[in-house]
Amino acid sequence: MFLTYLQLGFEHITDLQGYDHMLFLLALCAAYVYSDWKPILVLVTAFTVGHSITLALAVLNIIPVNAMWIEFLIPVTIAATAAKNLVAKQGKAEIATYFMALGFGLIHGMGFSNYLRSLLGDELVMPLFAFNIGIELGQLLVVTVIFLLQFALMKTFNVKHKHWNVVVSIVSGGISLLLAAQRIPF
């Protein structure tokens, strides 16, 4: 059972049809280079912690989830992350950035809670733990792919990090604004 929920968490992040998590990770990583792996690891883990908290609270029916609002807010968090990349000092992870990742994780965590609640039986702790470990592993894979792509472009085509950040932030921000516009809950 542990492996089933671990796989489910991993696939939740790596599923190309639910690309909003990958888009968030792309925006989150855009301001950094591959040599900044330590702050990125902390940022991704902060996001996972936030995601895990609200996922557990929502699955346990401790907090209510309005799926329409959450589906709208998820791309808003991506757009906000992309906008931060364009105005903040590049490559510097300040404490506010970690709290932003944690806070945005709180929003994203509620997005999958209704579906996960329908899968769980009486046992909650182990499946939630396994699912969240799977999420973290999936995120680490996605971040690794992002930085391999960044490394290849920077070395092969001499792309400057500043240009990478601007292009990735504008593209991820633009896509997320389109998603948000499609999901306005009014």
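Filtering the stretch 139-161 for residues that are farther than 20 Å from Asn61 by Cβ, assigned to a loop (DSSP other than H, G, I, E, B) and not hydrophobic (A, V, I, L, M, F, W, C) leaves a non-empty set.
Matching residues to (1) under 19 Å from Ile53 (Cβ atoms); (2) modelled with pLDDT under 95:
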residue	(1), (2)
Ala79	no, no
Val87	no, yes
Gly109	yes, yes
Ser113	yes, yes
Leu116	yes, yes
Val125	yes, yes
Val142	no, no
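Entry remark, the stretch 79-92: residues being surrounded by fewer than 20 Cβ atoms within 10 Å (Cβ to Cβ) and either in contact with a Cys (Cβ under 7 Å, 6 or more places away or on another chain) or small (Gly, Ala, Ser) (or both) number 4 in total. Among the residues of the stretch 104-128, those that are in contact (Cβ under 8 Å) with a residue 60 or more places away in the chain and in a helix (DSSP H, G or I) comprise Phe104, His108, Leu116, Leu119, Met126, Pro127, Leu128.
Does at least one position in the stretch 49-57 carry a residue that is β-branched (Val, Ile, Thr), crowded, with 20+ Cβ neighbours inside 10 Å and more than 19 Å from Leu3 (Cα to Cα)? Looking for residues that are β-branched (Val, Ile, Thr), crowded, with 20+ Cβ neighbours inside 10 Å and more than 19 Å from Leu3 (Cα to Cα), one finds at least one in the stretch 49-57, hence yes.
Checked against the criterion of being within 12 Å of the chain's Cα centre (by Cα) and surrounded by 21 or more Cβ atoms within 10 Å (Cβ to Cβ), the candidates Ala27, Ala31 yield just one match: Ala27. Determine, yes or no, whether Glu136 is in contact (Cβ under 8 Å) with a residue 40 or more places away in the chain and part of a loop (DSSP other than H, G, I, E, B). Here the answer is no, as Glu136 does not meet what is asked. Of the listed requirements (1) farther than 13 Å from Ser113 by Cα; (2) of a type in the set (A, V, I, L, M); (3) modelled with pLDDT of 95 or more; (4) within 15 Å of the chain's Cα centre (by Cα), Leu43 misses just one: (3).
One line per residue, one yes/no per condition, for (1) small (Gly, Ala, Ser); (2) surrounded by fewer than 19 Cβ atoms within 10 Å (Cβ to Cβ); (3) out of contact with any Leu (no Cβ under 7 Å at 6 or more places or on another chain):
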{"residue": "Gly109", "(1), (2), (3)": "yes, no, no"}
{"residue": "Ser118", "(1), (2), (3)": "yes, yes, yes"}
{"residue": "Ala130", "(1), (2), (3)": "yes, no, no"}
{"residue": "Gly134", "(1), (2), (3)": "yes, no, no"}
{"residue": "Leu141", "(1), (2), (3)": "no, yes, yes"}
{"residue": "Ile146", "(1), (2), (3)": "no, no, no"}
{"residue": "Gln150", "(1), (2), (3)": "no, no, yes"}
{"residue": "Leu177", "(1), (2), (3)": "no, yes, yes"}
{"residue": "Phe186", "(1), (2), (3)": "no, yes, yes"}
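The listed residues are Ile63, Ile53, Ile70, and the only one of them that is under 28 Å from Ala181 (Cα atoms), among the hydrophobic types (A, V, I, L, M, F, W, C), in contact (Cβ under 8 Å) with a residue 24 or more places away in the chain and not in a helix (DSSP H, G or I) turns out to be Ile63. Among residues of the stretch 152-175 being surrounded by 14 or more Cβ atoms within 10 Å (Cβ to Cβ) and of a type in the set (S, T, N, Q), the one that is nearest to Trp37 (Cα to Cα) is Asn165. Pairs are defined by a Cβ separation below 6 Å, a sequence spacing of at least 6 or placement on different chains, a first member in the stretch 20-34 that is at negative phi and part of a loop (DSSP other than H, G, I, E, B), and a second member that is modelled with pLDDT of 95 or more and of a type in the set (Ser, Thr, Tyr); the pairs so defined are Ala30/Ser169.
The values are calculated or read from the model by the stated rules, or taken from the named source; none is laboratory data. Just so you know, these numbers come straight off a predicted model, no measurement behind them. In this analysis, Cβ positions are derived from the backbone assuming ideal geometry, glycine residues included, and neighbour counts consider all displayed protein chains.
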